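The structure under discussion appears below in the form of structure tokens.
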Amino acid sequence: MNSVPPFIPEHPLIERSDQFDHLAIIGVSARTAGRRTRDTLFVEEPDYSSILSKLKNDSKRSVVLIATCERFDFVLGQVENDDIDFYQNIIAQEASVDLDTLQKQSYQHTGFDALRHLFAVAASLDSLIVGEPQILGQVKECHRFSKSLGLTDSFLDSVFDASLVSAKRVRTETTIAQQPVSLASSALQVAHGIHGDLARCAVALIGSGEIGELLCQEFKSAGIGHLSITHPKIGRSQTASFRLGGEVCPWDQLDDLISRSDIVLSAYGGGDPILTTVNVGIALRKRKRKPVFFIDTTAARDVAPDVNGLDGAYSYNLGDLENVAKQGKVHREAAMMAAWKVLGDEMQAFIRAKAERQAAPAIAVIRKHFETLRSQVLEETKEDADVTTRLLINRLLHNPQVVLKEIAREDPTGHVQLEQLLYRFFGIETVLLDNDKDDDGKED
């Protein structure tokens, strides 16, 4: 699991701002979900349109559903007291598990933690494969779809817009996006070492995970001879075949597919190994020990660890491929730190901007008040510059003087903080005040 640096607001306006208090994320991901939940929620295609339409009919507002093959997150801009249970129930229903089971596998983030989670998701720092390119477009599309149904508001729209800007900075200003590319390069390097000319190789994709498909695309670009795709749900195989151009193979012919394949990309992630010493051993005997290169792209491990001990089987997971790349681990850690720094900067800038905009109405009121006083003074003094300016200063300072004296009487020590705040408002250096006093501490 990726380490997540803590985010601590530093700006005083941020600490006092309550506009993020109602921001929340309720969800479940492939990292937290158990096998049964993964099998249903991330294998079946949920009817996202129906879910969002139901939310609209229930008068829910300020909500975006981020639904991919790795996560199912509700992002809420105005979380209410009963929203947590409400949205967890929806996820439980979609995953076909009871609420208690779902609660043990889900997560809840509020306030700045929710903001950080969304920024990390959009930048692919929370993906199973850090730097994978699909998630940015998926987050953008999920936001667009919820917005088209009238389920978002200006605050939630601004949060998503900021997360997308931040994610684009991460992709352009750091090397985090090279991570999947380096994995693909490592896979091709190992495949060439095992089989030589890839044009004679048959590749099988088991499942339809994003990284499995990304590697398939790389192998196709390298000129593989044939691609077959299989999945327990025939619709998922057909959809992947449409995207990748491979041949669909029925799930009940999996063992035969292994024996016909030189490279097997496993992206199912059901929880238990589907490639074991039994079915792989049978396939290798059929192949007369002609080698097979297995690439396990899942966190749940589709390929049993002891498969690598079979004669002719070369089993790699994503960590193995990363180690193939020179200084892969060092590069990844450096890229991660650079990416998190970008996210931190963007979050601070976004939160500051939001906090500062809260002061705009007060500034407008004060400006209008000053303009009213200026007009009154000009009318009374008939535009005599010296008299006008002195009178205007007196009028502007009258009420602050009265209030400051009242506070000093009520709290002899507390008014010092107010004085410092006033100096800050008007850009007054206190050293200048000291120089304006005589030896007795009295003003000249």
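The values are calculated or read from the model by the stated rules, or taken from the named source; none is laboratory data. What you see is a predicted model, and the numbers here were worked out from it, not measured in a lab. Don't worry about glycine lacking a Cβ; one is built from the backbone with ideal geometry, like all the others, and counts go over all protein chains shown.
A few comments on the model shown:
- Hey, VAL278 at pLDDT 90 or above and buried (at least 22 other Cβ atoms within 10 Å of the Cβ) or not: no
- Scanning region 298-320 for residues that are out of contact with any Phe, Trp or Tyr (no Cβ under 6 Å at 6 or more places or on another chain) and small (Gly, Ala, Ser) turns up ALA299, ALA300, ALA304, GLY309, GLY312, ALA313, GLY319.
- Scanning region 253-275 for residues that are touching a residue at least 24 places away in the same chain (Cβ under 8 Å), closer than 25 Å to ARG38 by Cα and either of a type in the set (D, E, K, R) or loosely packed, with under 14 Cβ neighbours inside 10 Å (or both) yields ASP255, ASP272.
- Verdict on GLY209 being more than 20 Å from ARG260 (Cβ to Cβ) and not assigned by TED's automatic domain parsing to the domain that holds CYS69: yes
- Of all the listed residues (VAL43, VAL75, VAL63), the sole one being touching a strand residue (DSSP E or B) at 6+ places or on another chain (Cβ under 9 Å) and at pLDDT below 90 is VAL43.
- Wholly within region 51-153, helices (runs of 4 or more DSSP H) carrying at least 1 residues that are free of Cβ contacts under 8 Å to residues at least 24 places away in the same chain and outside the structural domain of THR239 (by TED's automatic domain parsing): 83-95, 99-105, 134-148
- Selected residue (criterion: surrounded by the fewest Cβ atoms within 10 Å (Cβ to Cβ)) from residues of region 194-252 that are in contact (Cβ under 8 Å) with a residue 60 or more places away in the chain and in a strand (DSSP E or B): ALA202
- Subset tally (residues that are in a loop (DSSP other than H, G, I, E, B) and among the aliphatic types (A, V, I, L, M)) for region 254-305: 4
- Taking first residues from region 369-384 that are in the same structural domain as ASN399 (by TED's automatic domain parsing) and within 17 Å of LEU397 (Cβ to Cβ) and partners that are among the aliphatic types (A, V, I, L, M) and exposed (fewer than 10 other Cβ atoms within 10 Å of the Cβ), no Cβ contact under 6 Å between residues at least 6 apart in sequence or on separate chains turns up.
- Members of region 281-299 found to be of a type in the set (S, T, N, Q) and either surrounded by fewer than 16 Cβ atoms within 10 Å (Cβ to Cβ) or touching a His at 6+ places or on another chain (Cβ under 8 Å) (or both), listed by number: none
- Some residue of region 225-248 being modelled with pLDDT under 90, touching a strand residue (DSSP E or B) at 6+ places or on another chain (Cβ under 9 Å), hydroxyl-bearing (Ser, Thr, Tyr) and within 22 Å of ASP320 (Cα to Cα): no
- Residue check for ASN308: outside the structural domain of LEU128 (by TED's automatic domain parsing), polar (S, T, N, Q) and over 30 Å from LEU41 (Cβ atoms): yes
- Tally of residues being among the charged types (D, E, K, R) and either under 30 Å from ARG285 (Cβ atoms) or at pLDDT 85 or above (or both) across region 298-352: 8
- Cβ-Cβ under 6 Å pairs, at least 6 apart or on other chains, region 285-308 side closer than 13 Å to SER259 by Cβ, far side hydrophobic (A, V, I, L, M, F, W, C) and part of a helix (DSSP H, G or I): PRO291/ILE194
- Residue match in region 420-430 (condition: farther than 22 Å from ARG374 by Cα, at pLDDT 70 or above and among the aliphatic types (A, V, I, L, M)): yes
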